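K.L.:
Handing you a structure now.
Only the coordinates and a few stated rules stand behind these numbers; no lab work does. From a predicted model like this one, the values you see are computed outputs, not experimental measurements. Here the Cβ is made from the backbone with ideal geometry for all residues, glycine too, and neighbour counts use every protein chain on show.
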Amino acid sequence: MHVPFAVTGLSLAGAPPIDERLDRAIARDAALDRGYQLLDVSPRGGLLALSAGRLVELDGAQVVPLAADPDLQIELARYAADGSVVIAAATGGDEMALLWRATATARPVPLGERTGRIVAIAWDRARTRLAWARVDAGATALGFGDPTTAGKPVFTAPGIWEPVDVAADGGSVLAVHRVSDATAGLYRIEVATGEAVALAPVEVGVATTVARFGAAGEVYAISDAGDGQRRVVALGWHGALQIAPDPEVRELAVSPDGSTLAFVAGNVFSDLVVIELATGARRGYHLDGTIAGLGFAADGKTLWFGASTPTTAREIERWDLGKPRPETRAPGTPRIDVRLASIAAFDGAALTALVARPIKMPGRDASRAPVVVELHGGPADRWTAAHDRALDELVHRGYAVVRPNVRGSTGYGRAFAALDDGTRRGDAIRDVGAVLDWIATQPDLDRRRVVLAGSSYGGYLALASALAFPARIRGAIVRWGTPDLVAFLAGTRADRQESRRAEYGDERDPATRDVLARLSPIANLAALRVPLLVAHGRADPRVPIADVTRLIDAARATRQPVWSVLGEDEGHGFARADHRVALETLELQFLATYDR
C-alpha cells in the first residue's frame, strides 16, 4: 500500500498534500525506467552496472542484484579477481564513502578503516591488489594492497589525490592531483618509495581525472593544455604528444594488452572513436545522444559502452572490434522532439540549449506552451542529449523544457568554462536573462509562463535569476542550491573548500567577499516577487541546512508562497527513490499551481 511521504522522512511546509494519484503514476513510471550505467567489465565477461541507484550484474540474459542494502549510496564499484565486487559507498547522505565488499548472495561487508572518505579506487592487472585514496581533514592517504586490511599508506599529501590506474608490474600507481574542476596534475607514484613523479604537473594545465597506462608504461590521458580543448594525449618524460585531434574528450579506455585505445568526444552529442595504436587506424561511431562508460573485455576484442538518447533509456551496448560498427539496439519510439538551439549572450558568447517541445497540451492554448528552464549543476557540467524520464513527464503534460549550457559549462573549451569564475558569477545570471530573451522570440513558447528550476549550482542560479528577473518568470524550483555564497564557501565540506574557492573566489579576501555577498540570493530576497519550491537534505555536507532554513524564513517574510521539502537523512540530493518521486510529484503540483 502506498504510504504518504510526509510521514516517511520528508518534512513539508507551505505546500499542499502530495497528490497520491499523481505520485502513484510517477512511481510506476520510475519503476519501469530501468536504464543501466556501466561501471566495470568482469574478466569473466560479466557487466557491473547501476540501475535506479542499485548495483546489478548483467550476465547474458540475467540481471543479478548486488549490494542489497538500501541505505548504501554507491559511488564507485569494481570487480575483484574472485568475482566479488569492491564498492565505495556512503550512508545517510553524508558522502563519507567507505570501502565495502559485495556479492550476489550476501549483504555488503565493510573493508579496512572506517575513517575518512574514499574518493577513488583502481585495481592492479590481476585484480588482487587495490589502490584506494582516503581523504580526511583535507589530506589524502593513498594505499595499495589487500583492501581487507588498513595497511600503511604508500603516499600521503595535502589536497585530493585519486588513483586512476596501476602499472602492469604493480610497482607504480597513476594518480591525479585534483586542484579544481578545471585543473589537475598527473603523477606516477612509486609504491616502494612513495615518490610522486610529475608526468603533467598542475602548472601545465592538464584537466583530467581519466588516465591509463599503456602496454610499455606510457600514459594516455585527457588534457586541455594548449588551446583549451580536451584531447587525448600520450604523456612521457618529454611532454605530451597528441594522439587524436577530436575535441572535448570525456571518456577514455585502453585495452588490457595496450594495443587499442577508445574514447568519447563531443559536447552535446557523442562520437565513439577506436584507435589501433600500432598502426594509427581509427574507426568511429556517432550517436545523436550520449555515450558514457567504456570497458574492454578481457581479450581486448570487445568494447562495452553505455548509450542513451532523448528517446531511449540508457542501455549497455557492445562493439565487436572485428566489425566496422557496434551492434546497437533498435532506436526507441520518437516520443519527444528535442532540438539544439543557439542563443547569443549579452557579450556575444554563444550559448547552446537543448529544447524539448511538448507532446500534448490538454486544456491549454495549443499555440504556446509554458516553459520550464532547467539549469544544470556544477557549474563544471553540461546538458547532453540523454534520456531523462522527468523531462518525459513534463513534455507529456504540456510543458516545453529548455536546458541551456550557460557560461561555466564544460564541453566548450577551457576559456568558456572560466567565463563565470570568481567575481564574474553575475555574468552567468545574465546568460539566464539571454535565455529568457530567446524564449520571448519563439512563437510556440509562452514567455508569460516560465518557471526556473535547478539542482545544486543550478539551484543557486535559478534562485539568483528569479530575483534578477522577477517580472519575467512565474516561480522557481530550487533543489539543494546555495543561497549564500560566503557561508557556503566557509561551511562546505573541508576537502571541497579549495576547489570551490578556485571556482567562486576566496571569501577570506575582503574585496571578493563583498562581491560574493552581493551575488548571494540571501542578500537580495527583498526583491522576491515569485513563489518558490525549496528542496534540501538535512544532512547535506556541501550546502549547510542552516543556510537553507535562513532562506526559507526570509523568503516567507516577503509573503510570497514558499513550498519547502526537507529530507531527513538526505544529503546533497535525495537518494531514496520514494523521496525523489515525492519531490517530482510536488514539482508538477507547483507548476500546475503557478504557471497559469
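K.L.:
Based on alpha-carbon centroids, what's the gap between the range 45-121 and the range 291-306 in Å, whole number please?
P.N.:
20
K.L.:
Ok, one more. When DSSP beta bridges are limited to those with both residues in the chain, what percentage is antiparallel, rounded to the nearest 5?
P.N.:
Bridges in the chain are about 85 percent antiparallel.
K.L.:
Moving to a separate point now. On a 0 to 90° scale, report how tilted helix 577-594 is relative to the longest principal axis of the chain, with both axes built from alpha carbons and the result rounded to the nearest 10.
P.N.:
The answer is roughly 30 degrees.
K.L.:
Calculated FRET efficiency, residue 8 and residue 241, Cβ-Cβ r, R0 51 Å, to nearest 0.05?
P.N.:
Values: r = 56 Å, r/R0 = 1.10.
Efficiency for this residue pair is about 0.35.
K.L.:
Then there's this: Roughly how far apart, in whole Å, are the Cα centres of the range 535-557 and the range 387-401?
P.N.:
28
K.L.:
Starting from the Cα of residue 558, step 7 Å along the direction of its Cβ; do the same at residue 148; then give the gap between the two resulting points in nm.
P.N.:
5.8
K.L.:
Considering the options 121, 463, 281, tell which one lies farthest towards the positive end of the dipole of the chain, charges being +1 on Lys and Arg and -1 on Asp and Glu at the Cβ, about the Cα centre.
P.N.:
My answer, from the dipole projection, is 463.
K.L.:
Tell me, in nm to one decimal, what length is gained between residue 527 and residue 257 on full extension, where the rule is 0.36 nm per residue of separation less the Cα-Cα distance? Intermediate results must be reported in sequence, preceding the final value.
P.N.:
On the way: separation 270, 0.36 × 270 = 97.20 nm, distance 6.12 nm.
Full extension from residue 527 to residue 257 adds 91.1 nm.
K.L.:
Treating the angle as unsigned and between 0 and 90°, give the value, to the nearest 10°, between the Cα long axis of helix 425-440 and the longest Cα principal axis of the chain.
P.N.:
60
K.L.:
So between residue 69 and residue 114, what do we pick up on full extension, going 0.36 nm a residue minus the alpha carbon distance? Walk me through the intermediate numbers first.
P.N.:
Values: separation 45, 0.36 × 45 = 16.20 nm, distance 1.76 nm.
Additional length available on full extension: 14.4 nm.
K.L.:
Mind checking the range 251-337 for trypsin sites (Lys or Arg not before Pro) that DSSP puts in a loop (not H, G, I, E or B) and that have at most 14 other Cβ atoms within 10 Å? Don't skip to the answer; put the middle values down first.
P.N.:
On the way: sites: 282, 283, 301, 314, 318, 329, 335; in loops: 301, 329, 335.
Answer in residue order: 301, 329, 335.
K.L.:
To the nearest 20 Debye, how big is the dipole of the range 1-133 about its Cα centre, given +1 on the beta carbon of each Lys and Arg and -1 on that of each Asp and Glu? The partial results should precede the final answer.
P.N.:
Numbers: 14 positive and 16 negative charges, 81 e Å.
Approximately 400 debye in magnitude.
K.L.:
Something else now. Would you work out the charge dipole size for the range 336-436 about its Cα centre, treating the Cβ of every Lys and Arg as +1 and the Cβ of every Asp and Glu as -1, and quote it to the nearest 20 debye?
P.N.:
On the way: 14 positive and 12 negative charges, 37 e Å.
Dipole magnitude for the range 336-436 comes out near 180 debye.
K.L.:
Once both axes come from the Cα atoms, what is the angle between helix 545-557 and the longest principal axis of the chain, in degrees from 0 to 90, rounded to 10?
P.N.:
For helix 545-557, the angle is close to 10 degrees.
K.L.:
Please give, to one decimal in nm, the separation of the simple spin-label points placed at residue 31 and residue 490, each 7 Å out from Cα toward the Cβ.
P.N.:
Modelled inter-label distance: 4.8 nm.
K.L.:
What percent of all Cα-Cα pairs in the chain falls in each 20 Å bin, counting up from 0?
P.N.:
19, 56, 24, 1
K.L.:
Excluding residue 569 itself, calculate the net charge of residues whose Cβ lies under 12 Å from the Cβ of residue 569, where each Lys or Arg counts +1 and each Asp or Glu counts -1.
P.N.:
On the way: positive: 538, 576; negative: 71, 94, 540, 568, 570.
Residues close to residue 569 contribute a combined charge of -3.
K.L.:
A follow-up question, please. Can you compute the FRET efficiency between residue 84 and residue 169 using 1/(1 + (r/R0)^6), with r the Cβ-Cβ distance and R0 = 25 Å? Round to the nearest 0.05. It would help to have the intermediate numbers written out before the result.
P.N.:
Details: r = 24 Å, r/R0 = 0.98.
About 0.55, to the nearest 0.05.
K.L.:
Please state the charge dipole magnitude for the chain, taken about the Cα centre, from unit charges on C-beta atoms (+1 on K and R, -1 on D and E), reported in debye and rounded to the nearest 20.
P.N.:
In debye, rounded to 20, the chain gives about 1300.
K.L.:
If you don't mind, another one. Evaluate the distance, in nm, between pseudo-label points positioned 7 Å from the Cα of residue 282 and of residue 20 along their respective Cα→Cβ axes.
P.N.:
Going from the residue 282 label point to the residue 20 one covers 5.8 nm.
K.L.:
Quick one: net charge around residue 415, please, counting Lys, Arg +1 and Asp, Glu -1 for every other residue with C-beta under 12 Å from its C-beta. Mind showing how you got there, number by number?
P.N.:
Values: positive: 407, 414; negative: 224, 227, 420, 421.
It works out to a net charge of -2.
K.L.:
Ok, one more. With θ taken as phi - 60° and the coefficients 6.51, -1.76 and 1.60, list the Karplus ³J(HN,Hα) couplings across the range 559-568 in order, rounded to whole Hz; mark glycine and proline as x.
P.N.:
6, 8, x, 10, 9, 10, 10, 10, x, 6
K.L.:
While we're on this one: Could you work out the local net charge near residue 319, counting Lys and Arg as +1, Asp and Glu as -1, over the other residues with Cβ closer than 11 Å to its Cβ? Let's see the in-between values first.
P.N.:
Values: positive: 283, 301, 318, 323, 325; negative: 317, 320, 327.
Neighbour charge sum, excluding residue 319 itself: +2.
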